[in-house]
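A short worksheet on the structure shown next.
A short reminder: the numbers here are calculations on the coordinates, not readings from a lab. Everything quoted here is computed from the prediction, not taken from an experiment. Backbone-built Cβ (ideal geometry, glycine too); neighbour counts: all protein chains shown.
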Amino acid sequence: MKDDSRWAIRDQLAGRRRRLEDALAAAGPEPALEDLLQEVDAALDRLGAGTYGRCEICHDPIEDELLLADPLARFCKGDLSDAQVRALQEDLELAARIQAGLLPKAEMQAGGWSVARLYHPLGAVSGDYCDLAPAADGTLFFAMGDVAGKGIAASMLMAHLQAMVRVLLEADTPLGLLLEKVSRTLCETTLPAHFATLACGRAHPSGEVEMANAGHMPPLVVRGGKVAEIAATGLPVGMFCQAKFSVSKVVLGPDDALLLYTDGYTESRDPAGAEFGRERLASLFALNTGLPPRDLLAALMHELDRFRAGTPVADDLSLMALRRAP
Ligand SMILES: [Zn+2]
């Protein structure tokens, strides 16, 4: 690259830097803009150090037309696939940050309930849906779901699912109708193979919990020391447009607890290939019901890690525990 081109690029980068700073000043902290600003600064540093325009992989000069098209380019044409991989990784990291922003707090006290959740994506993003939303009437809405598939596509569908649920909650939609509407909308707006399991409920300050379950792993309830599954009351949402969902009720006392989970937990395997399974989870839950929700989830994860004994994780994993606030 000729020296006059370098000056042109330096001017261009300096101009972009000013615009980024203006945008940051106007918008406040914005990770995507801050990342871009760092990239621009790194390119200016490379110009200063004389390493600008050298491929970071093979150290050959980067083609002029590539640099003119993208002054932040760090790889030559021959190594562009690596750069593209990197760009993809950056997109994925951004998607992960967006998804993290959609999650409810890890712990919450609301409506007389104490709740904790764990959310462990297999990769950068998860197809699990985990939500908590206190309502104006003093109740607490909670949800746990699992979108078909994995990765970016599943995380997009998960975000779509959450947006629908949130809108319907704003309109005070009863649980059964909420699942019905979510199912119909998913059915009409997504690809045929795109559906989601969804267990959700509304916890009242009195201890009463309404539950509806669209094909999700049955939530577990411990009442009076006895553990039971709350069976699914319908098919996954998005599978059939006309699906209906019934609502059941349980009443929890001060020493009782409720657990929601995705199959990433129960389908974990030990080195011999055996599944952790629902029965093992049920007895483990019953054994640890007395713990505060956060400690309860930590105990479940500790036991799962022991069982897995280093077997690689194969799925997204989420857990949520609810009990009456002390
Ligand atoms: Zn190269």
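Some points to look at:
- Order by protection proxy (mean Cβ within 10 Å, highest first), peptides 246-253, 135-142, 124-131: 124-131, 135-142, 246-253
- The phi-based Karplus calculation (6.51 cos²θ - 1.76 cosθ + 1.60; θ = phi - 60°) puts the 3J(HN,Hα) values of segment 125-142 at 10, 10, x, 7, 10, 9, 8, 9, 8, x, 9, 5, 7, x, 8, 10, 8, 9 Hz, whole numbers, x for Gly and Pro.
- Largest-first ellipsoid semi-axes for segment 105-255, taking √(5λ) over the Cα gyration tensor eigenvalues, angstrom: 25, 17, 15
- P(r) of segment 65-193 over all Cα-Cα pairs, binned every 5 Å from zero, in whole percent: 2, 9, 16, 16, 15, 12, 9, 6, 5, 4, 3, 1, 0
- By the count of other C-beta atoms within 10 Å, a proxy for reagent exposure, E39, E180 are ordered fewest to most as E39, E180.
- Neighbour-count order for H216, H120, H302, H160, fewest beta carbons within 10 angstrom listed first: H302, H120, H160, H216
- Projected onto its three principal axes, the C-alpha set of segment 42-132 covers 64, 25, 19 Å, listed from the longest axis down.
- Proximal charge balance of K181 [Cβ under 14 Å; K/R count +1, D/E count -1]: -1
- Under 5 Å between amide hydrogens, built in the peptide plane, is the criterion, and for T262 it picks out S318 among residues at least 5 positions away or on other chains.
- When the pairs K105/K150; K105/K244; K150/K249 are compared against a 29 Å limit on Cα-Cα distance, K105/K244; K150/K249 fall above it.
- Rounded to the nearest 20 debye, dipole of the chain from Cβ charges on Lys, Arg, Asp, Glu: 920 debye
- Candidate aspartates and glutamates for bridging to K226, where Cα separation is under 14 Å - those fewer than 8 sequence places away on the same chain excluded: D255, D256, E279
- Column: log10 I(q)/I(0), Debye, Cα scatterers of segment 3-97, q = 0.21, 0.25 Å⁻¹: -1.13, -1.32
- Counting 0.36 nm for each residue step from E30 to R10 and taking away their Cα separation leaves a gain of 4.8 nm.
- Each Lys or Arg adds one and each Asp or Glu subtracts one; over the other residues with Cβ under 13 Å from the Cβ of A135, this totals -3.
- Shown for segment 226-285 is the translational diffusion coefficient from the Stokes-Einstein equation, using the Kirkwood radius over Cα pairs, a temperature of 37 °C and a viscosity of 0.692 mPa s: 228 µm²/s.
- Amide H to amide H distances under 5 Å link R223 with A228, where only residues 5 or more positions off or on other chains count and H is placed in the peptide plane.
- For the chain, the membrane-span-like helix rule (DSSP H, alpha carbon extent of at least 18 Å along the helix axis, mean Kyte-Doolittle at least 1.0) picks out 151-170; this says nothing about an actual membrane.
- Percent of Cα-Cα distances greater than 25 Å, calculated over the chain: 59 percent
- Put in line by how crowded their Cβ is, counting other Cβ atoms within 10 Å and starting with the fewest, I62, I98 read I98, I62.
- Calculated mean residue ellipticity at 222 nm for the chain: -14000 deg cm²/dmol, from DSSP H runs with n ≥ 4 weighted as -39500 (n - 2.57), summed, divided by the residue count and rounded to 500.
- Counting only Cα atoms, the size of segment 193-252 along its three principal axes is 40, 21, 14 Å, in decreasing order.
- Note that segment 245-326 shows a convex hull volume over its alpha carbon atoms of 111 Å³ per residue.
- Span from the segment 289-310 Cα centroid across to the segment 51-116 one, whole angstrom: 33 Å
- Residues of segment 118-147 with an amide N closer than 13 Å to a point placed 7 Å from the Cα of E107 along the Cα-to-Cβ direction: 118.
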